[in-house]
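Quick notes on the structure that follows.
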Amino acid sequence: MAMVLRLIVIGWLLMSLAGCSGVFFYPAQPWAQNPARQGLAYQDVVLIHPEGLRLHGWWLPARGQTRGTVYFLHGNAENISTHLINVQWLPERGYNVFLLDYRGYGLSEGDPDLAGALADVQLGLDWLNASGRLGDQPVVLFGQSLGGALGTSVLAREDNRGRVDCVMLEATFASYRGIARDVMGRSWLLWPLQWLVTPTLPGPEQDPEHHVAGLAPRPLLLLHSKEDPVIPFQQGRRLFAAAAQPKTFQALNGGHARGTRDPAVRDRMMAFLRGAGCMESVPREDVSQTPRPVADEPHSPATEPGGARLTPVEAYRF
């Protein structure tokens, strides 16, 4: 009986981990909050994918003088409502922020997988450039963990040259198979299954370290905590080694993808953007205040989906 139960458990694990979706994507649909609860002005943005899927995001307009726009790509767990804390400080610093939920996350339709998520990131970038909201001010991509991996692959495409001026990556891994082996190796139950699961994961040609050099000549800031319990610090150093100049590495302390909770780290990021020419200093008309109505839908807090606060999926949150 014990052997039968063990085989059932192993079979279930193999089915749940088959392909990259089971290992890399842990979406949640209910929101934990919305920007209004944090005192932020915002707009809902709904994008229609060519496949017919509706993708949802938030546009947070800058306060006061607009210095640029940040395209934020979150990690693999939950949705934009729980990752909002990582960028809610940026409007006060003069940056518009566009947060996008990949398919299967939050209000975005569909089921997550790597190819789909990459297409979603591209769609968000296309919308930004066509929206009329950017003016001639700097555009920054800020990706955390899996979001950094997705953003790196998309920005390295030749067609996307000139569409983003600076890149900031926090807690991003260098290799899909490498980080999966590391995560599975921490569990006595999953460790023996690595040889079965690893071949189903994205190959080296899709790894961030394979594409990161293609971000140049955009200035790159790579941040990674020496104490990161999810993505080992060495993964960040490995990714940085594969990147081309101009590049800057910032070692952090604390948990996974939590650097922006520290005011000193926020100041360091602002200093990077200023030095890299991605902080508008000359007063200009704030285009974020008169946006072009592209695929926007009004939001009523009364119709916010879900009510319970989410429990983070800490074990696989990247």
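Only the coordinates and a few stated rules stand behind these numbers; no lab work does. Everything numeric here is computed off the predicted structure, so don't read it as measured data. Every residue, glycine as well, gets a Cβ built from its backbone with ideal geometry; the counts of neighbours run over all protein chains shown.
So for each of 48-55, 172-179, 84-91 I average, over its residues, the number of other beta carbons within 10 Å; can you give me the resulting order with the highest mean first?
Packing order, densest peptide first, comes out as 172-179, 84-91, 48-55.
On alpha-carbon atoms, Rg over Rh for the range 217-271 using Kirkwood Rh?
Rg/Rh for the range 217-271 comes to 0.97.
With charges set only on the Cβ (+1 for Lys and Arg, -1 for Asp and Glu), what does the dipole of the range 21-110 come to about its Cα centre, in debye to the nearest 20?
Computed charge dipole of the range 21-110: roughly 280 debye.
With charges only on Cβ, +1 for K and R and -1 for D and E, what is the dipole size of the range 89-146 about its Cα centre, in debye, rounded to 20?
With Lys and Arg at +1 and Asp and Glu at -1, about 220 debye.
Hey, can you rank 256-266, 228-238 by average C-beta count inside 10 Å, highest first?
Packing order, densest peptide first, comes out as 228-238, 256-266.
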